[in-house]
Each structure stands twice: as C-alpha cells, then as structure tokens.
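Sharing a structure here in structure tokens format.
The values are calculated or read from the model by the stated rules, or taken from the named source; none is laboratory data. Since the structure is predicted, the reported quantities are computational estimates derived from the model, not experimental observations. Heads up, the Cβs are rebuilt from the backbone with ideal geometry, glycines too, and the neighbour counts pull from every protein chain shown.
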Ligand code: SAH
Ligand code: SF4
C-alpha cells in the first residue's frame with residue numbers, strides 16, 4: 001500500500017526525496033507545495049520536473065480530503081463531511097471569527113470511549129486516522145480560508161489521546177514554521193481524560209492547550225455518562241491536569257456539558273465548585289446538543305446562568321457557550337451519523 005504523503009515528517013520527506021535521487025532543494029519545494037500552496041494534486045506542482053512527480057506518484061498517495069457534504073455558509077461556521085484517503089469519512093468544522101481561522105478536526109473514525117450523549121461515541125469505533133488524514137484536514141481548511149488556519153482544535157470525531165502517536169506526529173507537521181506554522185499554543189487537544197496520555201503529552205515539551213471533558217465532578221454521575229471514568233476517576237483526571245499545568249505552564253480548560261436532570265442539580269454544582277475552586281483552571285459550560293441516540297436534553301438557560309454565576313463567584317474562570325453557535329461544533333459526529341443512516345436506508 002502506498003504511503004500518504006501528508007503522513008511524512010519533514011525529515012522523512014527529505015529522506016524519500018534523496019532516495020528518489022533528487023537534490024535536497026526539491027524536498028523544500030515539495031514541502032512548500034503541500035503546506036504553503038496547499039496543493040492537493042501532483043499536477044499542480046508545476047515547478048517540479050515531470051520525472052520527479054512521476055516518481056512521487058509511484059510511491060505516495062495525495063488522495064483524500066474531498067468534501068462530500070457540507071452544512072453552513074461560507075464566512076461563518078461550516079461543517080464539512082470529508083472523504084479519507086483510506087476510505088470512510090469524517091467531519092471537520094471551520095469556525096471563522098474576527099482574526100481567527102479555527103478548524104476543528106477529527107482524530108478517529110468513531111470513538112471507543114462511548115460517552116452516552118455523543119453521536120461519535122454511540123456510533124462505535126471504526127479505526128484510527130493516519131497522520132496524513134489528520135494533516136489533510138488542516139490543508140483543506142487552508143484552501144477554504146485562503147491561508148493557513150490560525151487555530152486547530154481536536155474536538156471533532158474521536159478521542160485524540162487514544163490515537164496518540166498519529167496525533168502528535170500530525171501536530172509536528174502542522175507546527176513546522178516553513179509550512180502551516182501553527183504554534184503549539186494555538187493547538188487545543190480535547191480529551192475525555194486518558195490519564196497516562198495526559199502525562200505523556202506533558203512530557204513532549206510543547207505548550208499545547210489542553211481541554212478536558214469533565215461533565216460531572218462526582219464519580220457516580222461521571223461514570224453514568226462517561227464509561228471511561230471507571231478507569232480514571234475524577235480525582236486522577238484532575239491531578240493529571242494539575243501536573244500538565246505545572247509542566248507546561250498552560251491552564252487546562254474543563255468542558256462541562258449541561259444535561260437536564262443528569263448533571264445540573266445544586267449538588268452537582270457544589271461538587272463542581274469544591275473540586276475546581278482550589279485549582280488554576282478554566283471552565284466551559286455548554287448546554288447539551290441533543291442527539292437522536294440519547295434521550296437527554298439540555299439544561300434550561302436559568303440553570304446555565306446559575307452555574308456560571310456560582311462558579312465565577314467562587315473565583316473559577318468560567319464561560320457559558322451560546323448553545324446555538326456551539327451546537328454545530330460540539331456535536332461533531334452528527335453529520336457523519338446522519339449520512340450513515342441515510343446510506344443504510346438506501347441500502348435497505
Ligand atoms: N473525544 C474528545 C474530543 C472530541 S469531543 C473529548 O471527548 O473531549 C469534543 C467535545 O464535545 C467534548 O467535550 C464532548 O464531551 C463534547 N460533546 C460531545 N457530544 C456532545 C453533545 N451532544 N452536546 C454537547 N457537547 C458534546
Ligand atoms: Fe469519544 Fe469524545 Fe464522544 Fe466521548 S465525547 S464518545 S470521548 S468523541
């Protein structure tokens with residue numbers, strides 16, 4: 001099977017080009033085609049000699065990244081269903097805002113973690129994305145934006161820390177200053193709380209932003225909605241976050257999806273305040289985006305406001321996301337799940 005060209009680190013690409021028998025500057029030219037010009041075909045790479053392009057085509061695939069469905073309008077939030085080089089498809093979301101060109105990317109096809117309120121979790125796990133399949137989502141965003149995205153968030157389909165090696169390899173490519181040049185602090189990794197991987201990430205020596213999906217401050221409630229909590233308890237997750245902050249000097253953001261009657265009682269709120277008050281962190285409250293696979297509904301705006309007020313009064317830096325704006329990016333996985341349902345309805 002041919003390798004994906006977007007999976008290669010800069011060094012690996014240099015070695016391949018040398019192996020083909022081309023001088024080193026050809027590797028730089030190729031890198032620029034991929035990550036400055038955002039080319040998606042060999043034919044576009046006009047200043048590369050024909051025999052070099054043929055040799056590349058023999059070894060590598062540049063495929064994938066075709067948008068097969070989209071929602072939203074250009075210039076505001078747009079959700080793209082993207083076909084992958086190795087088959088299957090995933091979602092990515094463009095979130096333009098004033099000076100930011102954010103792209104929310106997927107890390108896996110499906111997810112093993114199985115959170116009850118999440119369309120990706122309920123659909124089950126298919127496979128990890130290869131490094132190049134992650135990278136190409138940023139390239140596709142760059143083509144849409146007309147320049148490199150300014151921020152990358154791993155909040156699409158999948159659990160990024162469950163595909164750790166490919167995610168970190170992709171980030172190193174995205175980070176290259178002579179390519180897409182996306183700084184570590186502009187890359188957010190969102191995780192359901194895989195404790196050993198949080199420690200591993202802290203040791204990489206890069207200042208990634210870390211977002212942790214908490215959703216409940218007590219083990220009983222959290223286990224009910226996030227089965228992973230049976231393996232890593234609330235305490236262990238929060239401790240790992242404190243280590244992350246101490247090592248990287250980045251403040252962790254805790255995501256809390258407000259679900260009516262599930263995690264939004266006064267007791268849940270006081271548990272949350274008690275857990276997070278002693279810690280240097282941020283909190284994002286997000287009303288649930290309802291999905292077909294889960295009967296839960298979002299908390300009322302009054303409860304959202306109460307959580308916000310109480311946390312802020314306790315000195316916890318908190319924001320309450322507008323559920324409309326957030327609806328699209330938070331509930332990543334829905335476009336894919338809808339497309340799959342339509343496909344199977346057609347097949348039936
Ligand atoms: N697997 C990672 C990243 C992808 S999910 C994680 O869980 O953090 C990105 C965010 O969307 C997570 O905080 C997740 O809890 C949240 N999310 C998933 N389904 C949602 C829904 N239906 N409504 C609101 N937020 C949801
Ligand atoms: Fe997986 Fe994140 Fe969805 Fe949980 S919320 S099932 S970890 S994608």
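Among 158, 183, 124, 146, which is the only one that is without any contact (Cβ under 8 Å) to a residue 24 or more places away in the chain and under 16 Å from residue 104 (Cα atoms)?
After applying the criteria, what remains is 183.
Of the conditions (1) within 16 Å of ligand 2 (Cβ to nearest atom); (2) buried (at least 24 other Cβ atoms within 10 Å of the Cβ), residue 114 fails just one. Which one is it?
Among (1) within 16 Å of ligand 2 (Cβ to nearest atom); (2) buried (at least 24 other Cβ atoms within 10 Å of the Cβ), residue 114 violates only (2).
Follow-up. Checking the structure you have, find out if any residue of the stretch 117-127 is within 12 Å of ligand 2 (Cβ to nearest atom), surrounded by fewer than 22 Cβ atoms within 10 Å (Cβ to Cβ) and assigned to a loop (DSSP other than H, G, I, E, B).
Yes, some residue in the stretch 117-127 is within 12 Å of ligand 2 (Cβ to nearest atom), surrounded by fewer than 22 Cβ atoms within 10 Å (Cβ to Cβ) and assigned to a loop (DSSP other than H, G, I, E, B).
Still on this structure, please answer the following. Does at least one position in the stretch 238-247 carry a residue that is within 16 Å of ligand 1 (Cβ to nearest atom), modelled with pLDDT of 95 or more, buried (at least 21 other Cβ atoms within 10 Å of the Cβ) and in a loop (DSSP other than H, G, I, E, B)?
No, that holds for no residue.
Matching residues to (1) surrounded by 15 or more Cβ atoms within 10 Å (Cβ to Cβ); (2) touching a residue at least 40 places away in the same chain (Cβ under 8 Å):
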residue	(1), (2)
1	no, no
6	yes, yes
15	no, no
18	no, no
22	yes, no
32	yes, yes
41	no, no
44	no, no
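Could you count how many residues in the stretch 187-224 are under 18 Å from residue 269 (Cα atoms) and either more than 9 Å from ligand 1 (Cβ to nearest atom) or in contact with a helix residue (DSSP H, G or I) (Cβ under 9 Å, 6 or more places away or on another chain) (or both)?
12
State the number of residues belonging to the stretch 280-325 that are surrounded by 14 or more Cβ atoms within 10 Å (Cβ to Cβ) and without any contact (Cβ under 8 Å) to a residue 24 or more places away in the chain.
3
Additional query: Report yes if residue 258 is in contact with a helix residue (DSSP H, G or I) (Cβ under 7 Å, 6 or more places away or on another chain), modelled with pLDDT of 95 or more and assigned to a loop (DSSP other than H, G, I, E, B), otherwise no.
no
Going by the structure shown, is residue 195 surrounded by fewer than 21 Cβ atoms within 10 Å (Cβ to Cβ), within 16 Å of ligand 2 (Cβ to nearest atom) and under 21 Å from the mean Cα position of the chain (by Cα)?
Taking the combined requirement at face value, the residue satisfies it.
Next question, about the same structure. Yes or no: residue 106 within 16 Å of ligand 1 (Cβ to nearest atom), assigned to a helix (DSSP H, G or I), within 21 Å of residue 212 (Cα to Cα) and in contact with a strand residue (DSSP E or B) (Cβ under 9 Å, 6 or more places away or on another chain)?
no
Take the residues of the stretch 54-85 that are out of contact with any strand residue (DSSP E or B) (no Cβ under 7 Å at 6 or more places or on another chain) and surrounded by 16 or more Cβ atoms within 10 Å (Cβ to Cβ): which is farthest from residue 4 (Cα to Cα)?
Once the filter is applied, the top-ranked residue is 55.
For the stretch 140-190, how many residues are out of contact with any strand residue (DSSP E or B) (no Cβ under 7 Å at 6 or more places or on another chain), in a helix (DSSP H, G or I) and away from ligand 2 (no atom under 16 Å from the Cβ)?
Count: 10.
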